[in-house]
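Here's the structure, in structure tokens; my notes come after.
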Amino acid sequence: MNRLAGSLMFLATAFFFAACGQKDFYLKNVPIEKGVWPAANFYRFEVPVKDTIGYYNIYLQVRNDGRYEYSNLWLFIRTNSPTGASLRDTVECRLANEQGRWEGRGSGGRFSVEIPLRYRVKFPNPGIYIFEIDQGMREKELKYITDLGLRIEKAG
């Protein structure tokens, strides 16, 4: 009986941790070719939505090389709903603090930061929501931003 109870406890714990790790509803990261983001390029994320009742948190994920010349990154974000409604937002992503120390996690000269975009969002209609992201740094070619991502999780 002890062996059975131990096995059941192990399985219950495994299922609990597996369920905790499954909050991500959508996750996609795209590499920025050669770490150079031309001003004319935007990145597009297509998010299929079926649930119009639940709440979601939306995050941007940015990875930069340690040679990036600024402490922040300005982004223009267009969100298009399946009905054709559109929303445009300007977001400042803080990549380094006032002392010049990179935010987020770092390894091998690259740093990753996750920026909250919106909390407890409801998607009012089912269908494909399109997020298009442009850099707004007034550089023809923005160097050393290496990856851009979008993560959407079920709100707790």
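The values are calculated or read from the model by the stated rules, or taken from the named source; none is laboratory data. These numbers were taken from a predicted model, which means no experiment stands behind them. All Cβ positions, even for glycine, are placed from backbone atoms using ideal geometry, and neighbour counts span all protein chains on display.
A few remarks follow.
- Residues (in a strand (DSSP E or B), out of contact with any Gly (no Cβ under 9 Å at 6 or more places or on another chain) and of a type in the set (Val, Ile, Thr)) located in the stretch 46-70: 47, 58
- Qualifying residue in the stretch 118-130 (condition: under 24 Å from residue 35 (Cβ atoms) and surrounded by 15 or more Cβ atoms within 10 Å (Cβ to Cβ)): no
- Residue list for the stretch 130-151, filter: outside any strand (DSSP E or B) and among the acidic types (Asp, Glu): 139
- The stretch 94-119 - residue that is touching a Phe, Trp or Tyr at 6+ places or on another chain (Cβ under 7 Å) and outside any strand (DSSP E or B) and, of those, farthest from residue 74 (Cα to Cα): 104
- Close contacts from the stretch 87-102, counting a first residue that is charged (D, E, K, R) and a second that is in a strand (DSSP E or B), with Cβ to Cβ under 6 Å and a gap of 6+ residues or different chains, come to 88/78; 89/77; 92/72; 92/74; 94/72.
- Filtering the stretch 142-154 for residues that are surrounded by 18 or more Cβ atoms within 10 Å (Cβ to Cβ), under 27 Å from residue 35 (Cα atoms), within 15 Å of the chain's Cα centre (by Cα) and of a type in the set (D, E, K, R) leaves a non-empty set.
- Selected residue (criterion: farthest from residue 134 (Cα to Cα)) from residues of the stretch 42-64 that are loosely packed, with under 15 Cβ neighbours inside 10 Å and within 18 Å of the chain's Cα centre (by Cα): 55
- Unmet criterion (only one of (1) at pLDDT below 95; (2) within 19 Å of the chain's Cα centre (by Cα)) for residue 119: (1)
- The residue list 47, 30, 36 contains one member that is of a type in the set (Val, Ile, Thr), under 23 Å from residue 123 (Cα atoms) and either in contact with a strand residue (DSSP E or B) (Cβ under 7 Å, 6 or more places away or on another chain) or at pLDDT 95 or above (or both), which is 47.
- Among the residues of the stretch 86-104, those that are touching a strand residue (DSSP E or B) at 6+ places or on another chain (Cβ under 9 Å) and among the polar types (S, T, N, Q) comprise 86, 90.
- Here residue 72 meets the list (1) modelled with pLDDT of 95 or more; (2) surrounded by 15 or more Cβ atoms within 10 Å (Cβ to Cβ) almost entirely, failing just condition (2).
- Within the stretch 120-129, the set of residues being charged (D, E, K, R) and assigned to a strand (DSSP E or B) comprises 120 only.
- Criterion: under 18 Å from residue 146 (Cβ atoms), surrounded by 11 or more Cβ atoms within 10 Å (Cβ to Cβ) and small (Gly, Ala, Ser) - qualifying residue of 112, 107, 86: 112
- Members of the stretch 71-93 that are acidic (Asp, Glu) and either within 14 Å of residue 137 (Cβ to Cβ) or in a loop (DSSP other than H, G, I, E, B) (or both): 92
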